[in-house]
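In what follows, a single structure is set out as structure tokens and then discussed.
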Amino acid sequence: MQRPLLLTSLPHLVGTLKGIERMTQTIVYYLIALNIVTFFVYGIDKWKAKRAKWRIRETALLGLAVLGGSIGALLGMKVWHHKTMHKKFKYGLPLILLAQIALIYVIIQK
């Protein structure tokens, strides 16, 4: 006698769901860590700017935002009052965040 299809695929389904849950949890931890790092990198760059020291490249600051640290970058701009007059930061960071939100929305809808 053959078992119903649902019963034979149930262990596979449960394993897949656990894998997705672990992957989602890993992504959340990655984003939290990256946003904390990005926030402090903006603060360090502001500190260096005040002391006329070697600076962090703008491409690195924007790159951190693109990699998922856009919230930390925006908070860093506000808290440290850093890069607030530069158009690529003033307008670019919110656009990066909107693009990331749109990407998450598209992924969740699938």
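The values are calculated or read from the model by the stated rules, or taken from the named source; none is laboratory data. None of these values were measured; they are calculated from a predicted model. Ideal geometry is used to build each Cβ from the backbone, glycine not excepted, and the neighbour counts take in all protein chains shown. Ligands, DNA and RNA are stripped out before the accessible areas are found, and what is left, the full protein with its side chains, is counted by its heavy atoms. Shrake-Rupley method; radii C 1.70, N 1.55, O 1.52, S 1.80 Å.
Checking each residue in region 21-53 for being more than 12 Å from M77 (Cα to Cα), assigned to a helix (DSSP H, G or I) and either touching a Ser or Thr at 6+ places or on another chain (Cβ under 7 Å) or of a type in the set (A, V, I, L, M, F, W, C) (or both) picks out M23, I27, V28, L31, I32, A33, L34, I36, V37, W47, A49. For first residues located in region 43-57 and under 10 Å from H82 (Cα atoms), partners that are open to solvent by less than 40 Å² (accessible area, probe 1.4 Å) and not in a loop (DSSP other than H, G, I, E, B) and lie 6+ apart or on another chain with Cβ distances below 7 Å form the pairs G43/G76; D45/L61. Can you tell me which residues in region 14-62 are basic (K, R) and more than 26 Å from I108 (Cβ to Cβ)? Result: K46, K48, K50, R51, K53, R55, R57. Pairs linking a residue in region 78-104 that is of a type in the set (V, I, T) to a residue that is part of a helix (DSSP H, G or I), with Cβ atoms under 7 Å and 6 or more positions apart or on different chains, are T84/M77; T84/K90; I96/A65; I96/V66; I96/S70.
For region 60-67, does any single residue satisfy the condition of being open to solvent by 90 Å² or more (accessible area, probe 1.4 Å), modelled with pLDDT under 95 and at negative phi? Checked region 60-67: no residue is open to solvent by 90 Å² or more (accessible area, probe 1.4 Å), modelled with pLDDT under 95 and at negative phi.
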